[in-house]
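First up is the structure itself, then whatever we jot down about it.
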Amino acid sequence: MSKSVHVSGIGIISSLGSTKEEHQSAFIAEKSGVGQISILPTAYKDSLLAGEIKKSTDDLKELCGLSLDSIHSRTSLLALFAAQKAAKNAGFDSFETLSDPMALLCATSVGGMDLSELHFEAYKNGDEAKIDFFRTHDCGDCTETIAKYLKISGMIGTISTACSSSANAIMMGARLIKNGLVNRALVGGSDALSIFTLNGFNALKILDHELCRPFDETRAGLNLGEGAAFLMLESEESLGSKKSLGKVVGYANTEDAFHQTASSPEGKGAGLAMETALKIAGLKPADIDYINAHGTATRINDESEGMAIKRIFGSTLPPFSSTKAFTGHTLGAAGALEAVFSLLSIESNQAPINLNFKQQMEDLKVSPLTEKLQNAPINHVLSNSFGFGGNCSSLIFSA
Amino acid sequence: MNKEIYINGMGIVSPIGDLSNLNPPIEAEDRYNVVEPNYADYFPARAARRMCKVLKISQVAANLALRNANLEQTDGVIVGTAIGNIKDSEKFLSDLIKYKEQLLAPTSFIQSTHNTIAGQIGMSMNCYGYNSTYSHKIFSFEWTVLDAMLQIQDGLGENYLVGAADETTDLVFEVLSHFKQHGKEKFPAGEGAGFYVLSANKVEQSLAKLELCKIHHKYDGLTDLREELNKVFPKGLADFDCILTGASAEQDEFYKPLAELPTFPFKSLSGNYQTASSFALGLAVKLLNGERPLENDRFKPQIDKVLICNHFGQNNLAILSLSNV
């Protein structure tokens, strides 16, 4: 249990850009990636906003170095792009020459639905050739795609716990290293926008037609987004003389056990996740310098998460913000995206503001970060990811 | 990993029932369906109507495992499913196409997420502990086992409910047949749910000791199965009184290297589906406890150690081993 888990590389793609620098500049310029939908062929193109990556699936294939006639879901392409970047950032062009097995854990909530939904109707109407597009439907496809192109041997797996999926992938990678089962783990998550999820959230009536406003009294729901992010985790021995971007020091996963889609008003599961993560990290609430909140901007999440944060941190409440108004809610990728943002805040001693916040929530009476936090020493960051089905996960990263 | 892990309870819903007897499945040409339990014994009929088959059989198997272990709650719930509540995904997708993205009810969308199974089981026993869902083809079940072993190893809890379930809908069968995973020359397609209580504690009702769980992917293809296994078990395979294989037909090239060993293809009983190793573990427990399927002569009279070996394609190998308590 004593092994340190270092982050030696990160890779990210979202509506804010495809490099960490582009994400940092967007945070500094307070420029959101959420806007009009132009690529997803949905009936809501003109009425709903989303954090859409303005690259076609063909563009993504080119970026990943794949042939245009290969069949890959958008989710798998985003995953591969971010995984390649994270590996490269950690000094690996591929893992072909590794002598010992490693772990690859990818997380997704919709998997290859973006491709299935485009061809489902034609198939049902008798176009049997469309069946080939269902090959990439299951969640495991993105993971196998990464393993194939990055030449990974070892333990590969896929986690699907809705919006907390990739936080759990990071957690599992860290636990495998801590227990000495592997020395390296490539972990992260990916979710592409799909008509399926857009309509699902719309039917649940939790999409805001305006820009979302996390932790604001007037918040009216979330904006969806898409993206992928990966972290290269390495043990101390494996890291050697390479630069560490931070350590994974705390993690916890709890169940809210309240309702299939709603969190408990007091945020019981959320509170438990934060407390347990602090305990595992051996840190006190006062040690946390910044919280990257889940903050989806739905009525229920922000109330419940806010209550839990207030309860755990009390008078030592650190600056906190949700970055969902920048990226949209990227579902299964959100935990990994926000892990990258947490690491960037440690690296730069800056934290992104909570975009679109104006008015404190009446029941909560706390304000998220609205002014840039600059040159503040940020050594310990807590990142929350909560999902449907009561899945609550918290991660803690340290310098 | 140095702590010992025990299987203290199991619950199975399969094409041969709950394994209370090991009769072979009713003859079927291409598909085995699970013997559906009387759901009313487990949850209210109103709740059952909203749930698709994979959710219902998971909840039943979970309840059976808990009851078998004499527990009302565990420290966590970890579920594996290769394709999840696919029936609900099909329904929501069909509806959104049919109604052109208008006036959709969210129910089937909510149920379609993979973590619905673990979430519902967690809620049914008021479990605020660890809760996770793996959805990775044939490794889905092994990940739940490995995760629980790590939880126990790290001292985060003592009892974990783990399991896997998948349902073969008409569409899934069609698609998998097209990709040659099902076919006339193979065992029929199958489905089922297998749940277990894994525990740090050896108790009177402990069913078996879990020795090993290994997930092994090789991007450039596995070498000969015997060689791969020799790497995991340097002392050889002679210790195993029975090897349950994931062979998809009586003759499966992949398992040829084990020909002279006491093997049995578990998919002949469960049918062929991605998380069938969650059935195999239950079968192994039964074998350790002296029970035998009808083809008795294929098994040694005394079985103290069982190896379960499952594979997919040329790249993926999953290994579980267990022994008598």
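Values quoted throughout were computed directly from the atomic coordinates according to the rules given, and no laboratory measurement underlies them. Keep in mind it's a predicted model, so treat the numbers as computed, not measured. For neighbour counting, all protein chains shown are included, and Cβ atoms are generated from backbone atoms with ideal geometry for every residue, glycine included.
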If R0 = 25 Å, then B:Asn289 and B:Glu72, at their Cβ-Cβ distance, give a FRET efficiency to the nearest 0.05 of 0.55
Count the DSSP beta bridges whose two residues both fall in chain A, then state the antiparallel fraction as a percent rounded to the nearest 5. 65
Loop chymotrypsin sites (Phe, Trp or Tyr not before Pro), the range A:302-370 (other Cβ atoms within 10 Å of the site Cβ: 12 or fewer; DSSP): none
So for each of A:183-189, A:226-232 I average, over its residues, the number of other beta carbons within 10 Å; can you give me the resulting order with the highest mean first? A:226-232, A:183-189
Name the residue, out of A:Asp289, A:Asp141, A:Asp69, whose mean-square fluctuation peaks in a Gaussian network model built on chain A with Cα pairs under 10 Å. A:Asp69
May I ask for the net charge around A:Ser76, where only other residues with Cβ less than 9 Å from the Cβ of A:Ser76 are counted and Lys, Arg are +1 while Asp, Glu are -1? -1
Under a Cβ-Cβ cut-off of 12 Å, what is the net charge of the residues other than A:Asn183 that fall near it, where Lys and Arg count +1 and Asp and Glu count -1? -1
What residue among B:Lys98, B:Lys300, B:Lys286 shows peak mean-square fluctuation when chain B is described by a Gaussian network model with Cα springs under 10 Å? B:Lys98
In whole Hz and in residue order, list the ³J(HN,Hα) couplings for the range A:179-186 that follow from phi through the Karplus curve 6.51 cos²θ - 1.76 cosθ + 1.60, θ = phi - 60°; x for Gly and Pro. 8, x, 6, 9, 9, 9, 9, 9
Bins of 5 Å, starting at 0 and running to the largest distance - Cα pair percent for the range A:124-164: 5, 18, 20, 18, 15, 12, 9, 3, 0
Taking just the C-alpha trace of chain A, give me its Rg and Dmax in Å. 19.6, 64
Can you list residues from other chains, or at least 5 along the same chain, whose modelled amide H is less than 5 Å from the amide H of A:His294? A:Asn384
What average number of partner chain Cβ atoms lie no more than 10 Å from the Cβ of the residues making up A:144-150? 3
Enumerate the amide H contacts of B:Ala247 below 5 Å, restricted to partners 5 or more residues apart or on another chain; note that Pro and chain-start residues carry no placed amide H. B:Phe266, B:Lys267
Just from the alpha-carbon atoms, what are the Rg and Dmax of the range A:63-191 in angstroms? 15.6, 52
Distance in nm between label sites at B:Phe173 and B:Gln302, each 7 Å beyond Cα in the beta-carbon direction? 4.4
Please work out the Cα center distance from the range A:29-76 to the range A:137-165, rounded to the nearest Å. 20
Using each residue's phi in the range A:345-354, evaluate 6.51 cos²θ - 1.76 cosθ + 1.60 at θ = phi - 60° and report the 3J(HN,Hα) Karplus result to the nearest Hz, with x for Gly and Pro. 5, 5, 5, 9, 6, 10, 10, x, 7, 8
Average partner coverage of A:179-189, which counts Cβ from other chains inside 10 Å: 1
Ranked B:Tyr134, A:Tyr290, criterion: other C-beta atoms within 10 Å, fewest first: A:Tyr290, B:Tyr134
For labels at A:Ala122 and B:Asp41 in the simple 7 Å Cα→Cβ model, what's the distance in nm? 4.8
Ratio Rg/Rh [Cα only; Rh per Kirkwood] for the range B:63-167: 1.07
If I take R0 = 35 Å and measure r between the Cβ atoms of A:Arg299 and A:Lys45 in this structure, what FRET efficiency does the formula 1/(1 + (r/R0)^6) give, to the nearest 0.05? 0.85
Taking B:Thr275, B:Thr169 and counting other beta carbon atoms within 10 angstrom, the fewest-first order is B:Thr169, B:Thr275
Take every residue in peptide B:210-223, count the Cβ atoms of other chains within 10 Å of its Cβ, and give the average of those counts. 4
Using 1/(1 + (r/R0)^6) with R0 = 35 angstrom and r between the beta carbons of A:Glu266 and A:Ile28, what's the FRET efficiency to the nearest 0.05? 0.50
If we count other beta carbons within 10 Å of each Cβ, what is the order of A:Val182, B:Val145, fewest first? A:Val182, B:Val145
log10 I(q)/I(0) for the protein assembly as shown, Debye formula on C-alpha points only (no solvent), q = 0.05, 0.10 Å⁻¹, two decimals, reads -0.21, -0.90
Between A:Ile300, A:Ile346, A:Ile280, which gets the highest mean-square fluctuation from a Gaussian network model of chain A, Cα cutoff 10 Å? A:Ile280
Simple spin-label estimate for B:Glu227 and A:Glu371 in nanometres, 7 Å along Cα-Cβ: 6.6
Convert each backbone phi in the range B:167-182 into a coupling constant with the Karplus relation 6.51 cos²θ - 1.76 cosθ + 1.60 (shift: θ = phi - 60°), then list the ³J(HN,Hα) values in order as whole Hz, x for Gly and Pro. 10, 9, 7, 4, 5, 4, 4, 4, 5, 5, 5, 4, 8, 6, 7, 10
Can you list the residues, at least 5 places off or on another chain, whose amide H is less than 5 Å from the amide H of A:Ile156, using H built in the peptide plane? A:Leu104, B:His217
